[in-house]
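Structure first, commentary second.
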Amino acid sequence: EADIYQTPRYLVIGTGKKITLECSQTMGHDKMYWYQQDPGMELHLIHYSYGVNSTEKGDLSSESTVSRIRTEHFPLTLESARPSHTSQYLCASSYAGGLYNEQFFGPGTRLTVL
Amino acid sequence: GQQVMQIPQYQHVQEGEDFTTYCNSSTTLSNIQWYKQRPGGHPVFLIQLVKSGEVKKQKRLTFQFGEAKKNSSLHITATQTTDVGTYFCAGPEYGNKLVFGAGTILRVKS
């Protein structure tokens, strides 16, 4: 079944730890995105990718990094987590061509940094 | 850069009452999308409007795109508890990115 997956769903870690949030999609989409969202607040784009080996920073400055080695996989890494990184991280993907470019979101990862 | 403003920020209605959220863009949009995010969930695509003055309906939800393609609205008739959540509008930016509004949180009292 075509879908978009994120793991872990919940993560509680200590300050200074390195973490990687996983995102995979089976829809064959070229474009993928990472958003950061605090509870009840707006979505902030932090990274996006147009395809393999293509990554760009989004509108919100983030200390995280991303990679896109395979079409279906778009992991996000924090080298040294801090309490200010506590938030929900949402991964999304969309079809590259045409006028209709709705984004499909994964279930999100809720990150808490102590 | 492009800005998408959404009002109200929050609305609390009695079940059965109507609800409307408004979206305004600083620039003309080629299209506008609406998403719904249930509490604790992730945004889910509802609809995309493309044509000037377009009106689309999904059961009790009515979506409108302004004549100038700079504003849009979502109207829910006779709200139900299942309508609870945050409704986001989003306009496209270059490269298939979306600029999301801040969202309208809808709470329904039964």
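Overview of values
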{"read-out": "Among residues of the range B:71-94, those that are out of contact with any Asp or Glu (no Cβ under 8 Å at 6 or more places or on another chain), part of a strand (DSSP E or B) and open to solvent by 40 Å² or more (accessible area, probe 1.4 Å), counted", "value": "1"}
{"read-out": "Flag if A:Ala81 is more than 14 Å from the chain's Cα centre (by Cα) and touching a residue at least 60 places away in the same chain (Cβ under 8 Å)", "value": "yes"}
{"read-out": "Residue satisfying condition, being away from every other protein chain (no Cβ under 13 Å), open to solvent by 20 Å² or more (accessible area, probe 1.4 Å) and modelled with pLDDT under 95, within set B:Ser52, B:Ser110", "value": "B:Ser110"}
{"read-out": "Residue pairs meeting the criteria (Cβ under 8 Å; at least 6 apart or on separate chains; first within 14 Å of chain B (Cβ to nearest Cβ) and touching a residue at least 24 places away in the same chain (Cβ under 8 Å), in the range A:9-36; second open to solvent by 10 Å² or more (accessible area, probe 1.4 Å) and of a type in the set (Asp, Glu))", "value": "A:Gln25/A:Asp3; A:Gln25/A:Glu72; A:Met27/A:Asp3"}
{"read-out": "Boolean, A:Arg70 is open to solvent by 40 Å² or more (accessible area, probe 1.4 Å) and either in contact (Cβ under 8 Å) with a residue 60 or more places away in the chain or within 14 Å of B:His42 (Cα to Cα) (or both)", "value": "no"}
{"read-out": "Filter pass, A:Ser64 being surrounded by 14 or more Cβ atoms within 10 Å (Cβ to Cβ) and of a type in the set (Ser, Thr, Tyr)", "value": "yes"}
{"read-out": "Selected residue (only one of B:Gln48, B:Gln64 is over 18 Å from B:Phe100 (Cβ atoms) and without any contact (Cβ under 8 Å) to a residue 40 or more places away in the chain)", "value": "B:Gln64"}
{"read-out": "Matching residues, the range A:76-104, being surrounded by 17 or more Cβ atoms within 10 Å (Cβ to Cβ) and over 13 Å from B:Leu98 (Cα atoms)", "value": "A:Leu76, A:Leu78, A:Ala81, A:His85, A:Ser87, A:Gln88, A:Tyr89, A:Leu90, A:Cys91"}
{"read-out": "Count of residues meeting criterion [part of a loop (DSSP other than H, G, I, E, B), within 23 Å of B:Gln6 (Cα to Cα) and in contact with a strand residue (DSSP E or B) (Cβ under 8 Å, 6 or more places away or on another chain)] in the range A:13-51", "value": "5"}
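The values are calculated or read from the model by the stated rules, or taken from the named source; none is laboratory data. Owing to the predicted nature of the structure, the values given are computational and were not obtained by experimental measurement. Cβ coordinates were reconstructed from backbone atoms using ideal geometry, including for glycine residues, and neighbour counts include every protein chain displayed. Calculation scope for accessible area: heavy atoms of the full protein, side chains included, ligands and nucleic acids excluded. Shrake-Rupley method; radii C 1.70, N 1.55, O 1.52, S 1.80 Å.
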